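Presented below is the structure to which this report refers.
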Amino acid sequence: MKKQAIQFTGSQGTLAGLLEQPNTVSKATVLFAHCFTCGKNAMAASHISQALVQLGYAVMRFDFTGLGNSDGDFANSNFSSNVEDLVAATKHLAEHFTAPSLLIGHSLGGAAVLKAASQIPSAKAVVTIGAPADAAHVKHLFKADLNAIEAAGEATVELAGRPFTIKQQFIDDLNQQDTSHISQLRKALLVMHSPVDDTVSINEAEKIYVAAKHPKSFVSLDHANHLLTGREDAAYAAKVIATWSEKFIDSQTLAPPKVTVPEKQVRVTEIDHRFQCDVQTADHQWIADEPTAVGGANTGPDPYQHLLAALGSCTVMTLRMYANLKKIPMENVVVTLSHSREHGADCQACDEAHPQIDVIERTIAFAGELSEEDTERLLVIADKCPVHRTLHNKIEIRTGLAS
């Protein structure tokens, strides 16, 4: 499992998120919305996300405004700002990874994904877990404080054992919400709820299910509590979600299966019929893509970045082997590369037959107590790495039709 900290701009500032990916190509990208006053590291969020990653999905979860590591003041947030944050998370994924095709929301997060879904065209399916049909349902958590909030404009209430400031604007925003958007969802819906949920009644699941149009499904999370603190309950929910969602996620977004590739061969297959490619070797699988600026989804390095990576990694490996063999005190080495093309007047190596030349700039930084002689020897060896020599050799590419 690969984990990557994410930061993006939300309704009131920078929001903190976590993107978890499987070690192979992801089947699809999931955006997970946590419960009211919780956070991205709440048990349900973390357990379900990790279980989905084990099943081949990439999952992003984040802290809503004013919670966890995200900027902003919770007292100035509301249900509408949560929806804004979800849309902002989607835009970040679309620009820097790949847009989510599945939305999952727990408790009030479930109400939020139902509301945000119409603004997330990439999402093909929505899952709610222990969610209320109407966001205003959350008011029952501080029902005794409603008069105090109205009288003073705000009040400090205790939620899940912690104090939170709830302002009248939060209540007003909840009162403006309704359930009309559920019937207009136009996405596949899976409603998951526990019959023994004592925080959000299973009657709320019924309201969601009745309001929604097909395709829709309901799955009972028997014996689970509202927060899904039992890891086995979260694992079960994840397995059901993974199996159910595959029917609705576009087939081109699913990762090609791992196949047997002979040693020393590389197999490249289309994924989305644009630029996204599945790359496999005998032991590894990853994605190649193009940036969004040229029509790709930016889900992996582009071809030239792969080329630079081959030269850079070969350079580092060769330098390490030589330093160890010659007992040179090289503690670390970092190679930075870039590719460009120089035209006629700009390059000495150009001629009339070849009016431009490809240029790879390679910068090497060494760490360690190296003498001037050590550094000079290592720089010479860098130019002798196998990939470097291959790029300087005459290369013949023979293309044939597969039988």
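Just so it is clear, none of the values below were taken in a lab; they were calculated from the coordinates. Small disclaimer: the values here were computed from a predicted structure and weren't measured. All Cβ positions, even for glycine, are placed from backbone atoms using ideal geometry, and neighbour counts span all protein chains on display.
Among DSSP beta bridges lying fully in the stretch 2-252, give the percent that are antiparallel, nearest 5.
Details: 18 of 41 bridges.
Of the beta bridges lying entirely in the stretch 2-252, close to 45 percent run antiparallel.
If you take the charge dipole of the chain about its Cα centre, with +1 on Lys and Arg Cβ and -1 on Asp and Glu Cβ, which of 281, 156, 32 is farthest toward its positive end?
281
If the limit is 24 Å between Cα atoms, which of 115/139; 115/167; 40/115; 3/91; 139/207; 40/247 go over it?
Details: 115/139 18 Å; 115/167 22 Å; 40/115 19 Å; 3/91 19 Å; 139/207 17 Å; 40/247 27 Å.
Cα-Cα > 24 Å for 40/247; rest within.
Could you calculate the FRET efficiency of residue 172 with residue 247 from 1/(1 + (r/R0)^6), where r is the beta carbon distance between them and R0 is 60 Å, rounded to 0.05? Display every interim value, and only then the final one.
Details: r = 40 Å, r/R0 = 0.67.
After rounding to 0.05, the efficiency reads 0.90.
Any chance you could run the full-extension gain for residue 292 through residue 304? It's 0.36 nm times the residue separation minus the Cα-Cα distance, nm to one decimal. If you can, show how the numbers build up before the last one.
Details: separation 12, 0.36 × 12 = 4.32 nm, distance 1.55 nm.
That pair, residue 292 and residue 304, stretches by 2.8 nm at full extension.
Would you calculate the separation in nanometres between label points at residue 284 and residue 202, each defined as 7 Å from the Cα along the Cα-to-beta-carbon direction?
Taking the simple label geometry, residue 284 and residue 202 are separated by 4.9 nm.
Where nothing but the Cβ of Lys and Arg (+1) and of Asp and Glu (-1) is charged, how large is the charge dipole of the stretch 155-273 around its Cα centre, in debye to the nearest 20? Mind dumping the intermediate values first?
On the way: 13 positive and 16 negative charges, 94 e Å.
Dipole magnitude for the stretch 155-273 comes out near 440 debye.
How much FRET efficiency would the formula 1/(1 + (r/R0)^6) give for residue 383 and residue 356, where r is the Cβ-Cβ distance and R0 is 22 Å, rounded to 0.05? Don't jump to the answer; show the numbers that get you there.
Details: r = 23 Å, r/R0 = 1.04.
The pair residue 383/residue 356 has a calculated efficiency of 0.45.
Output the peptides 277-286, 327-336 sorted from most to least packed, where packing is the average of other Cβ atoms within 10 Å over each peptide's residues.
Numbers: 277-286: 16.3, 327-336: 13.8.
Going from most to least packed, we get 277-286, 327-336.
Compute the length gained on full extension between residue 160 and residue 7: take 0.36 nm times their separation in residues and subtract their Cα-Cα distance, giving the result in nm to one decimal. Write down the numbers at each step before the final one.
Numbers: separation 153, 0.36 × 153 = 55.08 nm, distance 2.64 nm.
Gain on stretching residue 160 to residue 7: 52.4 nm.
Once you charge only the Cβ atoms, +1 for Lys and Arg and -1 for Asp and Glu, what is the size of the charge dipole of the chain about its Cα centre, to the nearest 20 debye?
Values: 34 positive and 46 negative charges, 237 e Å.
So the magnitude is around 1140 debye.
Between residue 218 and residue 186, take the C-beta separation as r, use R0 = 22 Å, and let me know the FRET efficiency to the nearest 0.05. Numbers along the way, then the final one.
Values: r = 19 Å, r/R0 = 0.85.
Computed FRET efficiency for residue 218 and residue 186 comes out at 0.75.
Please state the relative contact order of the stretch 303-392 as a whole percent: Cα pairs under 8 Å, 6+ residues apart?
The value is 36 percent.
For the chain, what is the mean residue ellipticity at 222 nm derived from helices alone (per DSSP H run of n ≥ 4: -39500 (n - 2.57); sum divided by total residues; nearest 500 deg cm²/dmol)? Please list the in-between numbers first.
Values: 10 runs with 120 residues, N = 403.
The per-residue figure over the chain is -9000 deg cm²/dmol.
So if I place +1 on the C-beta of Lys and Arg and -1 on the C-beta of Asp and Glu, and nothing else carries charge, what would the dipole magnitude of the stretch 303-392 be about its Cα centre? I want it in debye, nearest 20.
Details: 8 positive and 13 negative charges, 105 e Å.
Dipole about the Cα centre, nearest 20: 500 debye.
Counting pairs of alpha carbon atoms under 8 Å apart in space and at least six apart in sequence, what relative contact order in percent does the stretch 2-252 give? Could the numbers behind the result be given before it?
Numbers: 532 pairs, mean separation 46.3, N = 251.
Value for the stretch 2-252: 18 percent.
As a footprinting exposure proxy, order 209, 304 by other Cβ within 10 Å, with the fewest listed first. Write out the running numbers ahead of the final one.
Numbers: 209 18, 304 14.
Listing 209, 304 from fewest to most nearby Cβ atoms yields 304, 209.
Going by how many other beta carbons lie within 10 Å of each one, how would you line up 379, 189, 114, fewest first? Please report the intermediate quantities before stating the final value.
Values: 379 12, 189 24, 114 29.
So the ranking, lowest neighbour count to highest, is 379, 189, 114.
Using Cα atoms only, what is the angle between the long axis of helix 303-325 and the major principal axis of the chain, expressed in degrees (0 to 90) to the nearest 10?
Taking Cα atoms only, the helix is inclined about 70 degrees.
Which entry in [x] 1.00; [y] 1.22; [z] 1.09 matches Rg/Rh (Cα atoms, Kirkwood Rh) derived from the coordinates of this structure?
Correct label, based on the coordinates given: [z].
Sorting 142, 36 on the 10 Å Cβ count, fewest up front, what's the list?
Numbers: 142 19, 36 24.
If I rank by nearby Cβ atoms, fewest first, I get 142, 36.
Can you give the angle from 0 to 90° between the axis of helix 43-54 and the longest principal axis of the chain, with both taken from C-alpha atoms, to the nearest 10?
On a 0 to 90 degree scale, this one is about 40.
Obtain the nm distance between the two label points defined at residue 265 and residue 339 by a simple spin-label model: each point lies 7 Å from its Cα along the Cα-to-C-beta direction.
2.4
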